[in-house]
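Enquirer: Quick one: structure below, then a few questions.
All of the numbers you see were taken from the coordinates with simple rules; none came from a lab. Since the model is a prediction, treat every value here as computed from it, not as a measurement. Neighbour counts run over all protein chains shown; Cβ positions are idealised from the backbone, glycine included.
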Amino acid sequence: MKIHEYQAKVLMKQRGIAVPLGRMVTTVDEAVAAVRPLVEESGNPVVVVKSQIHAGGRGKGRFVEHPDVAGVNVVTAGISGGVEAAEAKVRELAEKMLGSTLVTIQTGPEGKQVNRLYIEQGIDIERELYLSVVLDRATSHNIVMASTEGGMDIEEVAAETPEKVLKETVDRSYGLQGFQARRLAFDLGLEGDAHKNGARFMQAISNLATALDTDMVEINPLVVTKSGQVMALDGKMSFDGNALFRHKDVVAMRDLSEEDPAEVEASKYGLSFIKLDGTIGCLVNGAGLAMATMDTIKEVGGEPANFLDVGGGATTENVTAAFKIITRDPNVKGIFINIFGGIMKCDTIANGVVAAVQEVGLQVPLVVRLEGTNVELGRKIIDESGLNVVSAANMKDGARKIVELAGGNQ
Amino acid sequence: MSVLVNKNTKLIVQGLGDAGKFHTDKSIAYGTNVVGAVRPGKGGQSVRFEGETDHSGVPGRADTYSVDVPSFNTVKEAVEATGANATVVFVPPPFAADAIMEAAEAGIALIITITEGIPINDMVRVKEYLGGRDVRLVGPNCPGVITPHECKIGIMPGYIHQAGRIGVVSRSGTLTYEAVKQLTDNGLGQTTAVGIGGDPVNGTSFVDVLKIFNDDPATEGVIMIGEIGGSAEEEAAAWIKANMTKPVASFIAGTTAPPGKRMGHAGAIISGGQGTAAEKIAALEGAGVVVATTPSDMGSAMLEAMKRAGKA
């Protein structure tokens, strides 16, 4: 699960981690009203207007409706014109940004509608650095990664100048130790107050990552101010979905409007669903089999319309929901149900499919392949339902049949 | 011969909810020796399992079974009373890490964890706890381990298995079943099938299982089923190239998976261009592994690998 930048900053602030002052707004008037208190409290006439969407690359992104406006804008009008000038500029920007569609390298060409802005104080930046906390799967530990190349894509830095990516392993029991944080801060070239603040920042971020069960925390850029403060100028966080049960405050931050509606609907029923661009809908049990089903459809000349794993604990109701989500996609020209029951019983799948078809009808060809736990019972339910279903002997056979019945991939 | 589990395995069950009960029953029907269940607060009671014998399992049994499985409050009590040497964990995700550590503390040598959805940090903690102890954790988020006609632990359908010559190891449950059925159909059969699970932090790796199969005299070849995400397949490829004396076939799921999306399994994600199927397939082929192009070709890929080694 992902959250917005402003939410990540709330979580950081709660743990004493330095972030700029800012306010999240959803209307133009709120945006304008945020300016004066920010300028007065920070003593800095500069404010920044930042689009809040889950995708990255906002600074370089542009709005479809206003190609001259970027996703993030620094308002300097207040330096010479005072607060009123800053307010006027913020009004002009907020009018263009709110409700408009921002396209960045991560949104795809269709872009994302901006419904929230974050109005933030300006910062006198001395240096821009990079910091993140991610799981290192090879060692089963979190690692803190830092680099002097703030604002850059870390994967690019790692590919081109791997020596510039600094890493420290976080011990699960003891956390990131002081000496490790100091070492990182020295290697980043921090001195004096900035060194002390930087080391403290890194320990706090590492502790936050463990305490909140994050998948990833990325601060890019992490900035050193002219006065030696170390602050998160941006903040990206995603969380381990399996651990959300113990983080109600994080769950409350979920913004469903940022997620694909079909994927949200699927998650309500415990289904793992990912929409793709093809024409063959897939309903499968098990993540590996679901991926392999997509691969097989492609191998025999089709294109999968989705990834869908109904999981092991699915009920008839969940399977019905899965079937409905697939049939709702207008691109779907055929459906392939591929089940190898283990924890999932074939009769549960069969009952779910029959119930769904009775409820929503069946406008496209349906191929079913059943194998595994309670397979005989499952096949019997399908046979006796009178549904127009084509049976398949195995996965490849089923994939071939559905691609053919769906008319290739035209 | 077999690895990890066999007819001498004495199993206890942790977590007798609906799923735990259903699959414990299937294991008993198969002939697995289930000696106890851990149900905190219900020690002293027992649970009856009865039904029709699964004759695809342990041979030479009556057509029906009726077994009273005693319950214990703690794993330690269960081990002391029954001499259990393996446990299967069905405990729900918030409590699963605790259950695994309890089993390790009680001295159980093999802990097979079926539970899906354990937080990563919990598993990191579990791995630290297990470090230095003489215990093997298989899973979590896995189908379990089966040695055909001897012992079935987990959620796999028993009837698709046939004792034979091939060791099976997989990150995916359902793809394990695909491979197993094809090996049964083409007559190669299985020595033992091990599901290592789809989570990014797990107890047993591909390399761990490859080593075990390489040392097992009955196992003549190995099929390894991987998927996108992480680098376990690449590590396995390097190990195979340097050490493996037996033919290996493989399949990697997720060739068509889009980057940056978690494909069901917590561990199945291509991030930063790392962990793609293409890289893994290239590494395995570079180690002399026969890689199947679709999961329906896993059995024939294994046969091909055996032929190349002069074993079929």
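Enquirer: When the Kirkwood radius is taken over all Cα pairs of region B:10-138, what Stokes-Einstein diffusion coefficient follows at 10 °C and 1.306 mPa s, in µm²/s?
Expert: Details: Rh = 15.0 Å.
Rounded to a whole number, D works out at 106 µm²/s.
Enquirer: Given Cα pairs under 8 Å that are at least 6 residues apart, what percent is the relative contact order of chain B?
Expert: Numbers: 757 pairs, mean separation 44.3, N = 312.
It comes to 14 percent, rounded to a whole number.
Enquirer: Hey, what's the Cα Rg ratio for the protein assembly as shown versus the globular rule of thumb, 2.2 N^0.38 Å?
Expert: 1.03
Enquirer: Please work out whether region A:125-251 counts as rounded, prolate or oblate from its C-alpha gyration tensor, where a ≥ b ≥ c are the square roots of the eigenvalues and a/c under 1.5 means rounded, while otherwise a/b larger than b/c means prolate and anything else oblate?
Expert: Prolate is the answer for region A:125-251, as a/c is 1.5 or above and a/b outweighs b/c.
Enquirer: Follow-up. Using alpha-carbon positions, what is the distance between the centroids of region B:43-120 and region A:267-311, in Å?
Expert: So the separation of the two Cα centres works out to 33 Å.
Enquirer: To continue, here is another question. GNM on chain B, C-alpha springs below 10 Å: top fluctuator among B:Thr176, B:Thr24, B:Thr293?
Expert: Its mean-square fluctuation being the largest, the pick is B:Thr293.
Enquirer: Using only C-alpha atoms and all pairs of different ones, pull out the Kirkwood radius for region A:21-121 in Å with one decimal.
Expert: With all distinct Cα pairs of region A:21-121 included, I get 13.3 Å.
Enquirer: Taking H placed 1.01 Å from N in the peptide plane, check which residues at least 5 places from A:Asp234 or on another chain put their amide H under 5 Å from its amide H.
Expert: It is A:Asn220, by chain and number.
Enquirer: Right, here's the next one. Could you pull out every one of the lysines with an alpha carbon less than 20 Å from that of B:Lys42, ignoring same-chain neighbours closer than 8 positions?
Expert: Within the straight-line limit of under 20 Å, B:Lys42 reaches these lysines: B:Lys21, B:Lys76.
Enquirer: Among residues other than A:Glu84 whose Cβ falls under 14 Å from its Cβ, what is the net charge (Lys/Arg +1, Asp/Glu -1)?
Expert: Computed value for this residue: 0.
Enquirer: OK, next. Classify region B:140-223 from the C-alpha gyration tensor, please: rounded if a/c falls under 1.5, else prolate or oblate depending on whether a/b exceeds b/c.
Expert: Oblate, since a/c reaches 1.5 and b/c is not below a/b.
Enquirer: Given the pairs A:Lys333/A:Lys396; A:Lys345/B:Lys261; A:Lys167/A:Lys226, which are separated by over 20 angstrom at their Cα positions?
Expert: Numbers: A:Lys333/A:Lys396 18 Å; A:Lys345/B:Lys261 27 Å; A:Lys167/A:Lys226 26 Å.
Correct reply: A:Lys345/B:Lys261; A:Lys167/A:Lys226.
Enquirer: Related question: What is the sum of charges around B:Ala238, taking Lys and Arg as +1, Asp and Glu as -1, for the other residues whose C-beta is under 15 Å from the C-beta of B:Ala238?
Expert: Here the count lands on -3.
Enquirer: Can you pull the semi-axes for chain A, root of five times each eigenvalue of the Cα gyration tensor, sorted largest first, whole Å?
Expert: In descending order the semi-axes read 48, 26, 18 Å.
Enquirer: Of the residues A:Gly288, A:Gly151, A:Gly241, which exhibits the maximal mean-square fluctuation in a Gaussian network model of chain A defined by a 10 Å Cα contact cut-off?
Expert: Looking only at A:Gly288, A:Gly151, A:Gly241, the largest GNM fluctuation is found for A:Gly288.
Enquirer: Based solely on its DSSP helices, what 222 nm [θ] is calculated for chain B when runs of n ≥ 4 H residues each add -39,500 (n - 2.57) and the sum is averaged over all residues, nearest 500 deg cm²/dmol?
Expert: -10000 deg cm²/dmol
Enquirer: Suppose a student asked you for the relative contact order of chain A, using Cα pairs under 8 Å spaced at least 6 residues apart; what percent would you report?
Expert: Details: 862 pairs, mean separation 49.6, N = 410.
Answer for chain A is 12 percent.
Enquirer: Find the eigenvalues of the gyration tensor of the Cα atoms of chain B, then list the square roots of 5 times those eigenvalues as equivalent ellipsoid semi-axes, largest first, in whole angstrom. Provide the component values of the computation, followed by the final result.
Expert: Details: eigenvalues 200, 106, 52 Å².
Ellipsoid half-lengths, sorted descending, are 32, 23, 16 Å.
Enquirer: Can you give the Rg and Dmax of region B:1-85 based on its C-alpha atoms, in angstrom?
Expert: Reported Rg and Dmax, both Å: 12.8, 39.
Enquirer: I need the P(r) histogram for region A:260-405: all alpha carbon pairs, bin width 10 Å from 0 out to the longest distance, whole percents.
Expert: The distribution over region A:260-405 is 13, 50, 35, 2, given as percents.
Enquirer: What percent does the relative contact order of region B:162-308 come to when contacts are Cα pairs within less than 8 Å and at least six residues apart?
Expert: Relative contact order of region B:162-308: 25 percent.
Enquirer: By DSSP, what percent of the beta bridges with both residues in chain A are antiparallel, rounded to the nearest 5?
Expert: Counting DSSP beta bridges with both partners in chain A, the antiparallel share is about 75 percent.
Enquirer: Another one. Where the centre of each part is set by its Cα atoms, how far does region B:204-238 sit from region A:1-79, in angstrom?
Expert: Taking the Cα centre of each part, region B:204-238 and region A:1-79 sit 49 Å apart.
Enquirer: Tell me, what is a quarter of the convex hull surface for the C-alpha atoms of region B:162-308, in nm² with one decimal?
Expert: Quarter of the Cα hull surface area: 7.6 nm².
Enquirer: Going down the list A:Lys298/B:Lys311; A:Lys324/A:Lys380; A:Lys96/A:Lys236; B:Lys7/B:Lys246; B:Lys26/B:Lys311; A:Lys112/A:Lys324, which pairs span over 30 Å between their C-alpha atoms?
Expert: A:Lys298/B:Lys311; B:Lys26/B:Lys311
Enquirer: Restricting to bridges with both residues inside the protein assembly as shown, how much of the DSSP beta-bridge set is antiparallel, in percent to the nearest 5?
Expert: DSSP beta bridges in the protein assembly as shown are roughly 55 percent antiparallel.
Enquirer: OK, next. Does region A:295-377 classify as rounded, prolate or oblate by the C-alpha gyration tensor (a ≥ b ≥ c root eigenvalues; a/c under 1.5 gives rounded; else a/b over b/c gives prolate, otherwise oblate)?
Expert: Because a/c hits 1.5 or more and a/b fails to exceed b/c, region A:295-377 counts as oblate.
Enquirer: Which value in deg cm²/dmol, rounded to the nearest 500, describes the helix-derived mean residue ellipticity at 222 nm for chain A, given -39,500 (n - 2.57) per DSSP H run of n ≥ 4 and division by the residue count?
Expert: Working: 13 runs with 158 residues, N = 410.
When only DSSP H runs of four or more count, the value is -12000 deg cm²/dmol.
Enquirer: Further question: Pick from B:Phe206, B:Phe251, B:Phe22: which is most flexible by mean-square fluctuation in a GNM of chain B where alpha carbon atoms under 10 Å apart are linked?
Expert: Among B:Phe206, B:Phe251, B:Phe22, the largest mean-square fluctuation in the Gaussian network model of chain B belongs to B:Phe22.
Enquirer: For an R0 of 25 angstrom, estimate the FRET efficiency from the Cβ-Cβ distance between A:Asp153 and A:Ile125 and round to the nearest 0.05.
Expert: Values: r = 19 Å, r/R0 = 0.76.
The formula returns an efficiency of 0.85 here.
Enquirer: Which distance in Å, rounded to a whole number, links the C-alpha centroids of region A:354-400 and region A:155-193?
Expert: 55
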